[in-house]
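The values are calculated or read from the model by the stated rules, or taken from the named source; none is laboratory data. Computed from a predicted structure; not experimentally measured. Positions of Cβ are backbone-derived with ideal geometry, glycine not excepted, and every protein chain shown enters the neighbour counts. Side chains included, ligands, DNA and RNA excluded: accessible areas come from the protein's heavy atoms. Shrake-Rupley method; radii C 1.70, N 1.55, O 1.52, S 1.80 Å.
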Amino acid sequence: MVEFASDSGALIPVLQRAQAIYGYLPREALLEIAERRQTPFSDVYGVATFYAQFHLQPRGATVVRVCDGTACHVAGAPLITEAFSGELGIEVGKTTSDRLFTLQTVSCVGACALAPVVRVGDDETHGRMTPDRARALVNDLKHRAEVDR
Ligand code: FES
């Protein structure tokens, strides 16, 4: 059990607001929050790194998550990840320089029957993914990003 020294509950909304402003939590923002709240930086950093909702690195407008849970891994998730990585030109955990895409791998997303599975943002699930479909999906996502500009 992780314990935080001060009022981490009150800190969460502050971190959420900062993340809404910057899109992530830059170190400078964490330092300022710690200073203004007269809270040790380690406490602020601890809360920011404990909760999955907080991001310490810039993220793309679209987050592509390749499931690498057991079922998806066995069904070829590493090849899917490789295809996304190659097509986006970034490694897992990174964001494209235009800040359009972030590529992540995640554990089981609860759709094992559709393995290998890819999630795009919070609303799209793509099952039975193949490397070719992954590359086509990237092109589609790039097209959608162009249309949205
Ligand atoms: S392991 Fe990928 S959806 Fe379950």
Sole miss for GLU87 among (1) modelled with pLDDT under 95; (2) in the same structural domain as ARG144 (by TED's automatic domain parsing) is condition (1)
Notebook entry, point to check: Is it true that some residue in the stretch 51-63 is basic (Lys, Arg), in a loop (DSSP other than H, G, I, E, B), within 28 Å of ARG17 (Cα to Cα) and in contact with a Phe, Trp or Tyr (Cβ under 7 Å, 6 or more places away or on another chain)?
Noted result: yes
Of the residues in the stretch 116-137, those that are within 12 Å of VAL64 (Cβ to Cβ), of a type in the set (Val, Ile, Thr) and either in a loop (DSSP other than H, G, I, E, B) or away from the ligand (no atom under 11 Å from the Cβ) (or both) come to VAL117, VAL120
By residue number, the members of the stretch 94-115 that are loosely packed, with under 15 Cβ neighbours inside 10 Å and in a helix (DSSP H, G or I) are ALA113
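Quick grid of which residues meet (1) assigned by TED's automatic domain parsing to the domain that holds ARG128; (2) surrounded by 13 or more Cβ atoms within 10 Å (Cβ to Cβ):
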| position | (1), (2) |
| --- | --- |
| LEU31 | no, yes |
| GLU35 | no, no |
| PHE41 | no, yes |
| VAL44 | no, yes |
| CYS67 | yes, yes |
| HIS73 | yes, yes |
| GLU82 | yes, yes |
- Message: Can you confirm whether ALA111 is without any contact (Cβ under 8 Å) to a residue 60 or more places away in the chain, within 30 Å of ASP140 (Cβ to Cβ), in contact with a helix residue (DSSP H, G or I) (Cβ under 7 Å, 6 or more places away or on another chain) and within 16 Å of the ligand (Cβ to nearest atom)?
- Response: no
Per the filter on the stretch 84-93, residues within 20 Å of ASP140 (Cα to Cα) and open to solvent by less than 70 Å² (accessible area, probe 1.4 Å) are PHE84, SER85, GLY86, GLU87, LEU88, GLY89, ILE90, VAL92
By residue number, the members of the stretch 46-60 that are open to solvent by 40 Å² or more (accessible area, probe 1.4 Å), touching a residue at least 12 places away in the same chain (Cβ under 8 Å) and more than 10 Å from the chain's Cα centre (by Cα) are PHE50, TYR51, LEU56
